[in-house]
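The values are calculated or read from the model by the stated rules, or taken from the named source; none is laboratory data. The model shown is predicted, which means the values in this text are computed figures rather than measured ones. Neighbour counts are summed over all protein chains in view; Cβ atoms, including those assigned to glycine, are modelled from backbone coordinates with ideal geometry. When the accessible area is computed, the model is the full protein with side chains, heavy atoms only, and any ligands, DNA or RNA have been set aside. Shrake-Rupley method; radii C 1.70, N 1.55, O 1.52, S 1.80 Å.
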Amino acid sequence: MNLLKIGIIGSGERGCYVLGTRIVELSRELHIQITAICDVNEKRIEDAKRYLQQQCRSQNLDWGDSIIGTTDYKELIDLPSVNCVLITTHTDQHRLPAVYAVESGKMVYLDKPIAVTMEDAKAIVASEKDAGRPIIMGFTRRYESSWRKAKELLDASTIGILQMIQIHSVIPYTRYFQMWHRKNAYSGGALNDKASHLLDVFRWMVGPSASCRFVTAVGGRSTIFQPRKDAPLRCLFCNDEVCPYRRMANDQDDHEGTHVLNQHSWKYATQERDIADMCVYRPGSDIIDHAIATYVFDNGVKANLFWAIYGPHAYDQETMELVGSRGRIILERETGNVTVHALGKGPNNETHIIYDTKGEHFSSSHYGADIQLIRDIRSYFDGKNLEALGCARAEDGLLSLALVQATTESIEREGIPSPMI
Ligand SMILES: NC(=O)c1ccc[n+]([C@@H]2O[C@H](COP(=O)([O-])OP(=O)(O)OC[C@H]3O[C@@H](n4cnc5c(N)ncnc54)[C@H](O)[C@@H]3O)[C@@H](O)[C@H]2O)c1
């Protein structure tokens, strides 16, 4: 097995602390290492190197001490010691490294969402087409066992022909007001960052031969996070101990990334893009926080999204229901349960089956999806086909962004449908 040598561009939470940790865990089994990291912020490079060194030492791996750090993405991509590039920069900074890496002939993983603008997304897809080697994209639902099970059951005609889809996603993701995502220019907003996963799921379930005809949506900014002139800059400097949105490094629940706040580059951050615990009431954020949207596909399937980034954690915070001509599939992301209710042949002949899809990595990041993603990256490097692996590619990113933009347009026009061009 050839050594898979990974270079990470964007040494923040996703790149080095989530995917980096998964790479360390799988290093021996998959013969995979991180050889270089890049960030525009030098402190992020120092922090990430130290963190990865510690992770490697804890696993008795010797490569943690030899990771190269650079602020120049071209230098990282050009390194002979890098044969696969992971791009986890802020979303508005995806294009340049993605295009350069593809043109350099390196295998590329690009995190979702593909970009903030359609212009950037099209440039990334064009480079992928010219190079003839698809980019693997990080829509994590595509690597998560419950969503893969639902797709497998749908494709096996367990519920007949798909008619309707509903995704309910009410997740306390106020971090989008607290980090760089709070500006549309950097992230494309929470709808791009979060709902792009779910809009990709609609397309994935409906299948590649159907296209969305139009979108109608309402939504916007709720009254919950109205800007306040007296809001402190950061949770770190705030005395409100009972604020439900307080983001602290010592939070017990660190699965949404609060652990990184202990790192020097976050703790002493001064630039807006680098702060990750900005007060949710701080003026200046221009993103929306909820939407109810309907998507009509040209094969007759209708899909509905019920989405918000506030509320307490709950067992049913993200669910999907697929309604077919002969039954329903219901997915509960938090429990990992996928339930099938299907009609049989005779009267009262019905099937009701609950599949427990949790598996051994359910408590790992994204319910085990990131472990599967690294395994799929390894298989792709070894020559397996992306479609056969069930992975998303850059074109899926482009089509998801087109849905995000049509949704935003319809919201701005208070529900007037946006046709998909
Ligand atoms: N697949 C998923 O479920 C998932 C989860 C989280 C984040 N993400 C995506 O990963 C990306 C990074 O998010 P994050 O949460 O790690 O943010 P982050 O702020 O923790 O890390 C991003 C890093 O990129 C660096 N950076 C910005 N511009 C750069 C450039 N031009 N060159 C090099 N480095 C640059 C920043 O300094 C920062 O350290 C985003 O696109 C986000 O949407 C995907």
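Worth a mention:
- Spans of strands (runs of 3 or more DSSP E) in the stretch 13-107 with at least 2 residues of a type in the set (S, T, N, Q) and away from the ligand (no atom under 11 Å from the Cβ): 32-38
- Among the residues of the stretch 39-55, those identified as among the hydrophobic types (A, V, I, L, M, F, W, C) and buried (at least 21 other Cβ atoms within 10 Å of the Cβ) are Ile45, Ala48, Leu52.
- Scanning the stretch 237-247 turns up one or more residues that are acidic (Asp, Glu) and at pLDDT below 90.
- Counting only residues that are closer than 15 Å to Leu398 by Cβ and surrounded by 22 or more Cβ atoms within 10 Å (Cβ to Cβ), the stretch 129-155 holds 6 of them.
- Candidates in the stretch 27-51 are the residues that are among the basic types (Lys, Arg) and within 14 Å of Ile67 (Cα to Cα); of these, the one that is nearest to the chain's Cα centre (by Cα) is Arg44.
- Qualifying residue in the stretch 163-176 (condition: at negative phi, within 13 Å of the ligand (Cβ to nearest atom), assigned by TED's automatic domain parsing to the domain that holds Arg221 and open to solvent by 20 Å² or more (accessible area, probe 1.4 Å)): yes
- Candidate set from the stretch 1-25 (those that are more than 17 Å from the chain's Cα centre (by Cα) and open to solvent by less than 10 Å² (accessible area, probe 1.4 Å)); member that is farthest from His264 (Cα to Cα): Leu4
- Some residue of the stretch 250-260 being more than 21 Å from the chain's Cα centre (by Cα) and either under 26 Å from Thr319 (Cα atoms) or not polar (S, T, N, Q) (or both): yes
- Filtered by the rule that a residue be within 11 Å of the ligand (Cβ to nearest atom) and part of a helix (DSSP H, G or I), the stretch 108-148 gives Thr140, Arg141, Arg142, Tyr143.
- The set of residues in the stretch 177-217 being surrounded by fewer than 18 Cβ atoms within 10 Å (Cβ to Cβ) and farther than 27 Å from His90 by Cα consists of Gly207, Pro208, Ser209, Ala210, Ser211, Arg213, Phe214.
- One residue from Ala249, Ala269, Ala276 being open to solvent by 10 Å² or more (accessible area, probe 1.4 Å), within 12 Å of the ligand (Cβ to nearest atom) and among the aliphatic types (A, V, I, L, M): Ala269
- Unique match (being within 18 Å of Phe381 (Cα to Cα) and at pLDDT 95 or above) among Cys84, Cys38, Cys56: Cys84
- Pick from the stretch 221-246, criterion more than 18 Å from Trp180 (Cα to Cα) and aliphatic (A, V, I, L, M), ranking: surrounded by the most Cβ atoms within 10 Å (Cβ to Cβ): Ile224
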